[in-house]
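What follows is a short report on a single structure.
The values are calculated or read from the model by the stated rules, or taken from the named source; none is laboratory data. Predicted model, so just to flag it, every value in this text is computed and none were measured. So basically every Cβ, Gly included, is an ideal-geometry build from the backbone, and we count neighbours across all protein chains shown. In case anyone asks, the SASA skips ligands and DNA or RNA and just uses the protein heavy atoms, side chains included. Shrake-Rupley method; radii C 1.70, N 1.55, O 1.52, S 1.80 Å.
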Amino acid sequence: MIPMDILYISERLAEICDEYSIIELRDDTEELRFSNNTMDIFNRWFDSGIKIFASRGKKIAEASFNAINLNYDYIIDRIKRMLSISPDYISYNGINPEKNDYNMEITNFERRDIYDISQQLIDASLKNGAERSAGVIYQSYETVHVKTPYNDEKFSRPGMEIVLRSFKGNLSGQENYHFGPGSIKNIDPYSMVNAAVLPLQSQYDNLDIPEGKYDVIMSPNVIGNLLSYSSGFSHF
């Protein structure tokens with residue numbers, strides 16, 4: 001990945017603003033998809049970039065940049081221009097000046113074999129009554145560098161996301177799983193399958209009904225998914 005000179009950026013920002021926050025993100029992600037009981041697509045990509053917040057008095061500016069062909073002086077110039085035209089934000093009272101302990105560190109991440117996990121998911125789905133299965137696995141390792149006038153911290157965030165779908169006739173079941181640094185080592189594909197195949201045993205054939213207005217009762221899983229995917233995610 002392209003190295004970034006966070007120290008130089010912070011020194012230049014200190015010249016044009018009162019306070020600043022720099023977040024450098026580096027991400028290494030694997031993706032494996034499977035459908036109709038077969039693994040068919042694998043991707044791996046690397047990404048890095050920075051997010052900058054700067055303030056001068058009550059004026060604020062924010063910017064994000066990809067690491068490809070970074071021009072530091074151009075970045076500082078953009079921030080400087082935005083601060084010069086920014087209105088005053090009366091409610092802004094500065095960033096946290098206290099020393100912050102993220103209680104995280106850079107850790108060595110032993111990647112799980114996502115091919116093996118995928119095969120176990122497929123085998124377990126078939127064993128539990130599904131005729132075919134499909135899904136996707138994302139395994140990521142992200143390192144984060146946060147620098148402000150008051151803090152300078154580096155830490156890592158490994159994680160995995162698994163989406164599994166099982167099919168039998170015209171019935172289907174789906175389950176999503178998220179694993180963080182503390183749980184990624186304890187993934188058990190065989191126990192995960194139960195939730196995805198359960199609907200295959202409890203659903204009924206589709207019924208044709210006339211158009212109209214009906215009272216709809218949603219299962220807890222539906223409500224949970226709506227809440228999860230309609231809300232934003234913030235790292236800091």
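Some observations on this one:
- The chain, Rg to Rh (Cα coordinates; Rh as Kirkwood inverse mean 1/r): 1.10
- Carbon + sulfur, % of accessible area of the chain - ligands and nucleic acids excluded, 1.4 Å: 51 percent
- FRET efficiency estimate (nearest 0.05) - Cβ-Cβ, L126 to I217, R0 25 angstrom: 0.20
- The dipole here belongs to region 110-184: it is taken about the Cα centre, uses +1 on the Cβ of Lys and Arg and -1 on the Cβ of Asp and Glu, and is about 160 debye.
- Accessible area ranking (1.4 Å probe, heavy atoms, ligands and nucleic acids excluded), largest first, for R33, R78: R33, R78.
- Separation of the S84 and I209 label points, Cα + 7 Å toward Cβ, nm: 6.3 nm
- Counting heavy atoms of the protein chains alone, L13 has an accessible area of about 0 Å² for a 1.4 Å probe.
- Accessible solvent surface per residue of region 99-189, calculated while the other protein chains remain in place, 1.4 angstrom probe, Å²: 51 Å²
- The heavy atoms of S84 offer some 80 square angstrom of accessible surface to a 1.4 angstrom probe.
- Helix 6-16 axis versus longest C-alpha principal axis of the chain: approximately 50°, rounded to the nearest ten.
- Against the criterion of solvent-accessible heavy-atom surface with a 1.4 angstrom probe, V193, V163 sort, most first, into V163, V193.
- Surface calculation, 1.4 Å probe, protein heavy atoms: E153 sits at approximately 40 Å² accessible.
- For the chain, the dipole from Cβ point charges (+1 on Lys and Arg, -1 on Asp and Glu) about the Cα centre works out to 260 debye, to the nearest 20.
- Placing pseudo-labels 7 Å out from each Cα toward the beta carbon at Q174 and L227 gives an inter-label distance of 1.9 nm.
- Degrees between helix 114-127 axis and first principal axis of the chain (Cα, 0 to 90, nearest 10): 30 degrees
- Each of E98 and E11 was given a label point 7 Å from its Cα along the Cα-to-Cβ line. The distance between the two points is 3.2 nm.
- The charge dipole of region 1-97, taken about the Cα centre with unit charges on the Cβ atoms of Lys, Arg (+1) and Asp, Glu (-1), comes to about 380 debye, rounded to the nearest 20.
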